[in-house]
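First up is the structure itself, then whatever we jot down about it.
Laboratory data are not the source of any read-out in this text; all were calculated from the coordinates shown. Quick caveat: nothing in here was measured; it's all calculated off a predicted structure. For neighbour counting, all protein chains shown are included, and Cβ atoms are generated from backbone atoms with ideal geometry for every residue, glycine included.
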Amino acid sequence: MKSAILLAAAIAAASSAAQADPAQIPDFEPGDSWTFSLTDQWKHQVISSFTVAVKQIEGETVRFEGTDGAGAPYFQTLTAEGNIIASNGREYMPHMHHLSFPLSVGKQWKGEYGWKRDDGAAGTIKAEYAVTALETVEVPAGKFDAYRIEALGWWSRENRSGKITETYWYAPATKRIVRLDYEDFRPSGGAYNRVRLNLEGMALAR
């Protein structure tokens, strides 16, 4: 009986997610601001944080300005969908592909982009993405209804490559990804970086 109840609940949840209206492109406005933290999951330590606010909207490009945890200037440029084009010394060509609107459970897409840092390091990322659920996620900024998106891909740099996995949650009410779990692997297959991005707070113009 218990198994039947759990199965029925799972079917009901899936049906509810399927019937939800798809999430549309966020309506960024000047003054919208968010604070994020990045945690090293191996060491369980916050390794960086930053606050950014919408400074300017130019067609399909949104420019953000703010400061990092030490008070130094922090800059981001995103597409209208919220995909990162540049973030504080790192560029993505043409941009990251974390979001593809409208979002609904079951949607899938592919993306490939290059990246380079101010120090000259560069590489490419190729991944496949899938929206796997609409669920409640709790982060330091609060609880939000969010689309869970899972990505599997490969990084490539200087004739080396390895696997990448990402699971992240986009909450329409916040206009941003509120949590992102990232892990990459060495060419040999061993896990290397494992980090989590969390939304710590926000203030929206409306």
State, to one decimal in nm, how far the label point of Ala80 lies from the label point of Glu138, with both points 7 Å from Cα in the Cβ direction.
3.7
Zone residues, the stretch 137-167, relative to Trp42, backbone N less than 17 Å from point 7 Å out along Cα-to-Cβ
162-165
Extension gain (nm, one decimal) between Leu152 and Leu204, 0.36 nm per residue minus Cα-Cα:
15.6 nm
Evaluate the distance, in nm, between pseudo-label points positioned 7 Å from the Cα of Ala70 and of Ser104 along their respective Cα→Cβ axes.
4.7
Long pairs among Lys43/Lys110; Lys110/Lys163; Lys107/Lys175, criterion Cα-Cα beyond 22 Å
Lys43/Lys110
Give me the log10 of I(q) over I(0) for the chain at q = 0.07 Å⁻¹, as the Debye formula computes it from C-alpha points; what are the numbers?
-0.23
For the chain, give the magnitude of the charge dipole about the Cα centre (Cβ charges: +1 Lys/Arg, -1 Asp/Glu; no others), in debye to the nearest 20.
520
Would you calculate the separation in nanometres between label points at Asn159 and Glu183, each defined as 7 Å from the Cα along the Cα-to-beta-carbon direction?
3.0
